Structure formats: structure tokens, C-alpha cells
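Please read the structure below before turning to the comments.
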Amino acid sequence: MAMRPPSADALPRDFNAAVWFVDRHIKEGRAGRLALKHGGRDLTYGDVALSTNRVGNALQRLGVGMEQRVVLLLPDGPEFVAAFWGALKIGAVPIPTNTLLTARDYEYILNDSRALVAIVGEAFAPTIAGLQGRLRCLRHLVVAGVTVPAGGLALADLMAGAAPELEAAATTKDDVAFWLYTSGTTGTPKAAVHLHHDMVVCCEGYGRHVLEIGPEDRTFSVAKLFFAYGLGNALYFPFHVGAATVLYPGRPEPTRVFEVIARERPTLFFAVPTAFAALLQVPDAERRYDLSSVRLCLSAGEPLPKALYERWREKFGLEILDGIGSTEMCHTFIANRRGAVRPGSSGTVVPGYEARIVDGAGRDAPVGEIGDLLVKGDSACAGYWNQHERTTHTIQGEWVRTGDKYRRDADGCFWYAGRSDDMIKAGGMWVSPAEVESALAEHPAVVEAGVVGAADKDELVKPLAFVVLARGHEPGAALEAELKAFVKARLAPYKYPRAIVFVPELPKTATGKIQRFRLREAAGALPQEQQ
């Protein structure tokens, strides 16, 4: 029987998200219902509840208490799901962590969060083990896998020795639930602190009114669970209504994505524009792969160009509902709707949210004029951990400053017009120009560099670097390839510049600051093959 949960504002004060998203289904007779599919395995809500309890008990035995942090560095799979809900159930704070970062990033996150426990996939265990001498608070490295470094603990062993029953912690809907790290303008991550009720707000807004998700749906997300976008797509949206999720831990190579869709038959398919563009490059995909199960495609993370929407619609006969969300807001707050897509726009405000476009003085901008986008909604984070100045800059009363420039038309549709700062959104992930510039400057051939976002042939933004060379070094394809590899070796691979333009000097202000607007103008004037 179809079940509709109460609205988010009707939640009782005493509230635990794990009880709502997992235990509730057991109490209401859905223990045997399919919850997730992963690697040929089907797990029911009863299976998830059992593993959730075992992980929660194991964490308590390791000394984890309420409000203490647990870093999750895991591929998408049952272990992530159990660890996330298990930590929440005992009142601890899980921190889903990007699996594409560097050892330096993990060291920062582990020390900044003061996490007592890190639950990591087997592939990441050596990296974290190698950092332990520099980790001030980490007491236990727990590994989901067979090979466990010296001093580490096997998650399977901990769960096997843990009790199958677990009483939920006495949390409230306003207690801290989980953190999500997002990049700052300097590249230093900042942790958005989310509360136990935030996920329900997203489900009752975007989930109900845009996805129109129900118990018979099955979700599949290219964006991984460590993203705010993926966490909703592949976990709490389906778990809110007793639906199922398809979890794929591998790289989202286009043919593999199509194979998963054809085999697992999702009804809701989530991706970012870069992924949709890559899928469109697969020859004869519309004839080779069966997408008939999919009723809606969803996009976020970066603006979806109109041309990509039209090519996808023409090739597969499916709408893509583009939208904008943020880590700070937990998920999507402006989106297109089924049957009413305005290609190239972000759509209209999701019920439960409000949005404003303001000018430089904070006044509401007239229809059609570009300004800064502010949004209000109850899924907004409580602030950034240990980042007071950044919190007060971003969260201004009830309003959250998104950092995006937008305009709104007479029909209430929102149209993206760029970033308010210099950050680049590439492939759905933030890239700090300053961080890439610093990495390039470490190379002996580079005097200085300026990095901006530039649109590629699919109108998707990627990092582009303007580089001034040191005397004695000649520009060319070989040096460009060397510099790209150099950056990849120092930063998360997705941050490297996709193109490098060698210039005699960078445009600067009288005080010596790089004029990025002039670099963006120069990037826009480049031939397509150089972008």
C-alpha cells in the first residue's frame, strides 16, 4: 500500500533520522522489501536494518559517542549505507568523504573534524594508515575489505561480533546529523553541518514535487554517495518512501553506466551534465541499450546546456530535469518539472524554498536583471564547522548566499549567469583557481599562472590555465602534457587544467592582482580546439 510520510514541519522534536529512514520500514511491515541492489546482491530493508544496528554497536564499542565524528571514505555499497545510518542511529556524526582527493586532503579533513574513527574502503586503507603519525585525534582505522594494515580493524569482524539490536540515541530533529565537506575559495575544505531533519525537508520538497518518487521507484545515480547530490539521489530519497536504490561503486564509464541501466532497470536516473555529454558519445547507444525503465532523468552539479538537453531528448526520448542545489542546502532548491522543462534554465523554486536575486546593495533585482542568488529553506546547514567568518558571509539570517549569479524571467524561471566568486564548477565538483595556480607554480618551467573556467565543445565548464614560462623554456604540446600530469600528481585529478595557453604575461590590476575577468574574456575568444 502506498505510503505518504507527514510533512517535514510535522516532525516531532524527538527525532532520529536512522529510525525514520530505516527502522520505520521494519515497524510498518516492509522488512522484506527491496532496499538496494549492489554487485549482483539484493538487500532488503530488513538486511539494511540489521547491518545498521551492527555497525552502530561496533562504533559504540570503539568508544564513539553522541556528536563524535566518523569519517566515511567508502565506495558506494552496503558498507557505506550501514555505516552512515549506524553512526546516525547512535547520535554520532558520519562524514561522507570524497574518494577522489589526495592524502593531503584526507589529513586535513581527519584533523579538522577530529574524527575518532575512519571507516575506509580497502583501496584507501594504505593512504590513511600512512598518515596516522600526523593524525591528532584518530583512534581507529576500520577497513571494509580483506586486506587490513597493521593496527587497523576489519569492519566485517567488528560487525560479526556486534549485537543485532540497537536502541536509537535520544536525538532531536535539530541535533547535528552529518557533515559534508565542500571546497572553499582557497581550496581548503569547509564542513557544512547538517541536522537530523534536513534530509526529510529535501524529500518533502524535491523528492515529492520534482521526482514524484514512490515505493515502486528505483534510483540510480552517477553522482556518488559522498556528494550532497548523490547522497539524496541514491540513499535518502528512496529510503524516505520505501523505494529501492542501485549502487555502483566503479568509475562512471559511459558503457558501464548504460549496462547498469539496462540490467538493473532504474526508473529515476541522476547524473551531471558532464556525464550526460559522455553518454551521448557512445555510438548507437539508443539501439544497443534498453532505457525503457527510466521515466525521468535528473541533472544538477553544474548548468545543463540547452544543446545537451535537446540532443538527449532527441536520442533517447527522455526529459532531463535540470536544477540547482548546494552542499549548504543539502540538495536541490530550484528545478525544472516533468512536462514543463525550459531547456537551458534551472527551472523554478521547489516548494518549501524561497529564492531572491539581489543587486550589490542587497536590493531585489528587477525581472530579467542579473544579480546574486540567495535561497531560504529548512534544509540549510547550521553553519560551517570552525569557520565563523565563512559562516557569517554565506548564511545571512534565514538566507543562504549561493555564490551564483542568476536572472529570473517573467515566468519565474531562473537562468544561470556565472559565479559570484572565482570558483569553477567542473564535472559537478568545485575547483579553486588559486589551488591549481599554486600547483602549476611549483613546476620549474612556470613563472606564474592564471586559471579560469572555460566552456568546451559541449558548453561544459572546465579549468583552463594561462601560463607564463620561465626563461629557457619553450611552449609546446610536450610541455603542456607535462604540466597537466604535474598538476594531476599534486591535486585531485579532476582539478587539472584541461587546456593550457602559454602567454608572455598575465593581466593584472595596479596592485598586482590577476584580472580574471580579462582571462575569461581571452578564454572566450580562443578557438574551440584550444579550450
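A few comments on the model shown:
- Identity of the residue in the stretch 142-157, over 15 Å from residue 80 (Cα atoms) and outside any loop (DSSP other than H, G, I, E, B), that ends up most open to solvent (accessible area, probe 1.4 Å): 157
- Residue 455 fulfils the conditions (1) open to solvent by less than 30 Å² (accessible area, probe 1.4 Å); (2) in contact with a Gly (Cβ under 9 Å, 6 or more places away or on another chain) except for a single criterion, (1).
- Every residue from the stretch 355-384 that is buried (at least 21 other Cβ atoms within 10 Å of the Cβ) and not in a loop (DSSP other than H, G, I, E, B): 355, 357, 371, 373, 374, 375, 377, 384
- If you go through the stretch 166-182 and keep only what is within 20 Å of residue 495 (Cα to Cα) and either modelled with pLDDT of 95 or more or surrounded by 23 or more Cβ atoms within 10 Å (Cβ to Cβ) (or both), you end up with 180, 181.
- Restricted to strands (runs of 3 or more DSSP E) entirely inside the stretch 263-339, those with at least 2 residues that are touching a residue at least 60 places away in the same chain (Cβ under 8 Å) are 296-299, 320-325, 332-335.
- Only residues that are within 21 Å of residue 307 (Cα to Cα) and among the hydroxyl-bearing types (Ser, Thr, Tyr) were counted in the stretch 245-290, giving 1.
- Out of 219, 182, 172, 188, sole residue that is touching a residue at least 24 places away in the same chain (Cβ under 8 Å), touching an Asp or Glu at 6+ places or on another chain (Cβ under 7 Å) and not aliphatic (A, V, I, L, M): 172
- Out of 339, 368, sole residue that is modelled with pLDDT under 95 and over 28 Å from residue 96 (Cβ atoms): 368
- Hey, residue 95 in contact (Cβ under 8 Å) with a residue 12 or more places away in the chain, out of contact with any His (no Cβ under 8 Å at 6 or more places or on another chain) and farther than 20 Å from residue 58 by Cα or not: no
- The stretch 466-487, subset within 27 Å of residue 277 (Cα to Cα) and open to solvent by less than 70 Å² (accessible area, probe 1.4 Å), residue nearest to the chain's Cα centre (by Cα): 487
- Single residue of the stretch 438-465 satisfying the filter (in a loop (DSSP other than H, G, I, E, B) and among the hydrophobic types (A, V, I, L, M, F, W, C)) that is nearest to the chain's Cα centre (by Cα): 460
- Looking only at residues in the stretch 308-328 that are aliphatic (A, V, I, L, M) and touching a helix residue (DSSP H, G or I) at 6+ places or on another chain (Cβ under 8 Å), the one that is farthest from residue 406 (Cα to Cα) is 318.
Conditions (1) among the polar types (S, T, N, Q); (2) open to solvent by 30 Å² or more (accessible area, probe 1.4 Å), marked per residue:
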| site | (1), (2) |
| --- | --- |
| 432 | yes, no |
| 437 | no, no |
| 464 | no, no |
| 489 | no, yes |
| 496 | no, yes |
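- Each residue in the stretch 405-430 was checked for being without any contact (Cβ under 8 Å) to a residue 60 or more places away in the chain, surrounded by 15 or more Cβ atoms within 10 Å (Cβ to Cβ), of a type in the set (A, V, I, L, M) and not in a strand (DSSP E or B), and 0 of them qualify.
- For the stretch 340-354, filtering for residues that are surrounded by fewer than 19 Cβ atoms within 10 Å (Cβ to Cβ), outside any loop (DSSP other than H, G, I, E, B) and of a type in the set (Gly, Ala, Ser) leaves 0.
- Any hit, the stretch 3-15, residues being modelled with pLDDT of 95 or more, under 21 Å from residue 158 (Cβ atoms) and open to solvent by less than 40 Å² (accessible area, probe 1.4 Å): no
- Residue that is nearest to the chain's Cα centre (by Cα), among those in the stretch 255-274 that are of a type outside the set (S, T, N, Q) and open to solvent by 40 Å² or more (accessible area, probe 1.4 Å): 256
- Qualifying residue in the stretch 77-99 (condition: modelled with pLDDT under 95 and open to solvent by 50 Å² or more (accessible area, probe 1.4 Å)): no
- Meets criteria (touching a residue at least 60 places away in the same chain (Cβ under 8 Å) and out of contact with any strand residue (DSSP E or B) (no Cβ under 6 Å at 6 or more places or on another chain)) for residue 46: no
- Residue in the stretch 212-225 that is open to solvent by 20 Å² or more (accessible area, probe 1.4 Å), under 23 Å from residue 344 (Cα atoms) and more than 20 Å from the chain's Cα centre (by Cα) present: yes
- Matching entry among 133, 56, 46, 39 (being over 30 Å from residue 259 (Cβ atoms) and surrounded by fewer than 24 Cβ atoms within 10 Å (Cβ to Cβ)): 133
- Condition broken by residue 511, with the remaining ones in (1) at pLDDT below 90; (2) open to solvent by less than 40 Å² (accessible area, probe 1.4 Å) satisfied: (2)
- Selection from the stretch 385-404 of residues that are charged (D, E, K, R), exposed (fewer than 15 other Cβ atoms within 10 Å of the Cβ) and either under 17 Å from residue 333 (Cα atoms) or in contact (Cβ under 8 Å) with a residue 40 or more places away in the chain (or both): 398
- The requirement of being of a type in the set (Lys, Arg), crowded, with 16+ Cβ neighbours inside 10 Å and in a loop (DSSP other than H, G, I, E, B) is fulfilled nowhere in the stretch 184-197; no residue meets it.
The values are calculated or read from the model by the stated rules, or taken from the named source; none is laboratory data. Being a predicted model, the structure only gives us computed values, none of them experimental. Cβ sites come from the backbone with ideal geometry, for glycine too, and all protein chains shown count toward neighbours. Areas reflect the complete protein model, heavy atoms only, side chains present, ligands, DNA and RNA absent. Shrake-Rupley method; radii C 1.70, N 1.55, O 1.52, S 1.80 Å.
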